[in-house]
1. Take the conditions of a type in the set (D, E, K, R), under 21 Å from Lys245 (Cα atoms), open to solvent by 30 Å² or more (accessible area, probe 1.4 Å) and in contact with a His (Cβ under 8 Å, 6 or more places away or on another chain) and apply them to Arg385. Does it pass?
2. Among Val380, Val398, which is surrounded by 12 or more Cβ atoms within 10 Å (Cβ to Cβ), at pLDDT 95 or above and aliphatic (A, V, I, L, M)?
3. Tally up the residues in region 89-117 that are in contact with an Asp or Glu (Cβ under 7 Å, 6 or more places away or on another chain) and touching a residue at least 24 places away in the same chain (Cβ under 8 Å), please.
4. Quick one: is Lys390 basic (Lys, Arg), open to solvent by 10 Å² or more (accessible area, probe 1.4 Å) and at pLDDT below 95?
5. All but one of (1) within 30 Å of Leu47 (Cβ to Cβ); (2) free of Cβ contacts under 8 Å to residues at least 24 places away in the same chain; (3) part of a helix (DSSP H, G or I); (4) open to solvent by less than 60 Å² (accessible area, probe 1.4 Å) hold for Ala129, so report the exception by its number.
6. Can you pull out the helices (runs of 4 or more DSSP H) entirely within region 1-89 that have at least 3 residues that are surrounded by 13 or more Cβ atoms within 10 Å (Cβ to Cβ)?
7. Considering every residue within region 104-114, establish whether at least one is touching a helix residue (DSSP H, G or I) at 6+ places or on another chain (Cβ under 6 Å), closer than 21 Å to Gln169 by Cβ, charged (D, E, K, R) and at pLDDT below 85.
8. Please verify whether Tyr150 is hydroxyl-bearing (Ser, Thr, Tyr), in contact with a strand residue (DSSP E or B) (Cβ under 7 Å, 6 or more places away or on another chain) and open to solvent by 40 Å² or more (accessible area, probe 1.4 Å), treating the condition exactly as stated.
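The values are calculated or read from the model by the stated rules, or taken from the named source; none is laboratory data. Keep in mind the model is a prediction, meaning the values are calculated, not measured. Backbone-built Cβ (ideal geometry, glycine too); neighbour counts: all protein chains shown. Quick note on the areas: whole protein, heavy atoms, side chains included, nothing else; ligands and nucleic acids left out. Shrake-Rupley method; radii C 1.70, N 1.55, O 1.52, S 1.80 Å.
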Amino acid sequence: MVLKLYGHPHSSCTHRVAIVLHEKQVPFEFILVDIVKGSDHKSPGYLEKQPFGQIPLLDDDGFLLYESRAICRYIATKYADQGTSLIPTDPKARALFEQAASIEQSNFNTFAAQAVWYNLPYDAAAFEAETKKLDAKLDIYDKILSKQKYLAGNELTLADLFHLPLGNQLAVAGYNILDLSKTNVASTKWINVSEPTPHVLHVELARSPVNAYWQEYGKVFETLVDAHGTGEDIRVVVVSSSYPKIFSAGLDMASAVELGNKDLTTQDPARASLSLRNAILEFQNAICKPDKCPFPVIAAVHGPVVGLGIDLISACDVRYASSTATFSIKEVDVGLAPDIGTLAYLPKITGNLSAIRELTYTSRFFSAAEALNIGLVSKVVEGGREAVIKDALELAKVIAGKSPVAVAGAKHLINHARDHRCVSKFDFG
C-alpha cells in the first residue's frame, strides 16, 4: 500500500517530510488538510489520527505517525537501502548525526521559524531582529562547514535536509541562508571548499579522474567569481587533491566514451560533430576557469599528475609541487591530442618548445625536479601532500595580505602580456 502524507503545501513541516520521501525515492499519496481556509485538522475523523490536530501525518498501511522529524527518521530507516542514505549506522557517525539534528532544531529552526512568522504579515523590525539572531548562528555554521562538507561530517544526512523548508521560505522573504558569502556552499559532491585563513579559499578535488566532475569544477569557480563580484572578499584560491598519494589520474575513460558518443546516434554526422564540438568547448571552458578568475589561483600538487591534471594546473597562476609529484602529458598514449588546455598554456608557461614537444609526443612521466627545470612549477617542496599544501597556503596568505585591487590588476596585465604583442600592452587600459 502506498504511503499517505496528510499535510498542506504551505507547511514547512509537510515540506520536510516530502523532501525526504523524494530523496529516498518513495512514492506517496498527498492528502490535503486545509489548515488555512478550512478546519479539516479539527474534524473528529482527523483528530482520531492526530490528537493535536496538526500536520503532517503519515499513514503507512494503518501505522500512523506524526511529528515531521520522527516521520523523516522512520522513512530513512525503513527505506535505508533505497535512494540516498540519510542516517549513519556507525555509532560515532550516528552520534554526530544526532548532534547535527539537534543543532538544526535548536540553532536554526527556532530563529528561522520566528523570522518567517514575522514576515506573515510583514513586521520589518521584528523580521530584522530575528534574522540578526540567525546571522550569529549561521556564522557558527560557517566555521563548522569550513572543516567538513555537511553538518554531521562529509556525508549528507537528514540533518541537512531538515534546513530546506524554512530555508526556502526565508529566501522568499528576502533572506538567503545560502548566501554566497558562506563559501562552503561552493562545495559539491566531488569538490570541497573551505576557508583556512581569511580571504583564502582551499578547493580540494575529491575524485581522481578530473573529467568525471569537470562540470562541477567549473561551477565551483563560477560560484566563487559570482561571490567575489557581489562583494565577498576572496583574494586567493589554492587547488589541491584530497587524496593522500595522488593529485589526478587524468582521463576517466567512461566519461570520455560518453562524451565521444554524444548525440552521434540521434543526429546526422554534421550536427553530431557540432554537438561534440560544443561539448568539448564547454569542457575546455570549465577546466580553464582559474585563468579567468579575477584573483590568483595556486595549484598544490603531489603524486601523479596525469593528462587532464596537467590541463587543470596549467590554467592556474602559480604551481607548487611536492617532491613526490610526477607528471605525464598522457593523451597521445590513448590516441588523443591534449586539446583541453595543456598545449594552449604549456608552451607559454615554459618557453621551451623542445621539451614540451618531447613530453607530449612520448607521454613519458617526468619528475618534480624536471618540472621545476622547465618552468612548469615554481617551487618543489620536500615531502608529500601536507607539505606542499602548507607552503601553498602560506604563499596564499602572503598574497592575500596585499592590495586585492593591485593583485587583480597585475593578474590582468600579466595575462594580457601573455596573449598579446609587447607593443599592444602599452595601449592596454
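1. Working: of a type in the set (D, E, K, R): yes; under 21 Å from Lys245 (Cα atoms): yes; open to solvent by 30 Å² or more (accessible area, probe 1.4 Å): yes; in contact with a His (Cβ under 8 Å, 6 or more places away or on another chain): yes.
Criteria met by Arg385.
2. Values: Val398 fails: surrounded by 12 or more Cβ atoms within 10 Å (Cβ to Cβ).
Result: Val380 is the single residue among Val380, Val398 that is surrounded by 12 or more Cβ atoms within 10 Å (Cβ to Cβ), at pLDDT 95 or above and aliphatic (A, V, I, L, M).
3. Start the filter on region 89-117 by keeping residues that are in contact with an Asp or Glu (Cβ under 7 Å, 6 or more places away or on another chain), which leaves 111, 114-115.
From the residues that got through so far, the ones that are touching a residue at least 24 places away in the same chain (Cβ under 8 Å) too are 111, 115.
Selection size over region 89-117: 2.
4. no
5. Looking at each condition in turn, Ala129 falls short on (1).
6. Numbers: elements: 12-23, 44-49, 68-78.
Passing ranges, in order: 12-23, 68-78.
7. Looking through region 104-114, none of the residues is touching a helix residue (DSSP H, G or I) at 6+ places or on another chain (Cβ under 6 Å), closer than 21 Å to Gln169 by Cβ, charged (D, E, K, R) and at pLDDT below 85.
8. Details: hydroxyl-bearing (Ser, Thr, Tyr): yes; in contact with a strand residue (DSSP E or B) (Cβ under 7 Å, 6 or more places away or on another chain): no; open to solvent by 40 Å² or more (accessible area, probe 1.4 Å): yes.
So Tyr150 does not fit the description; no.
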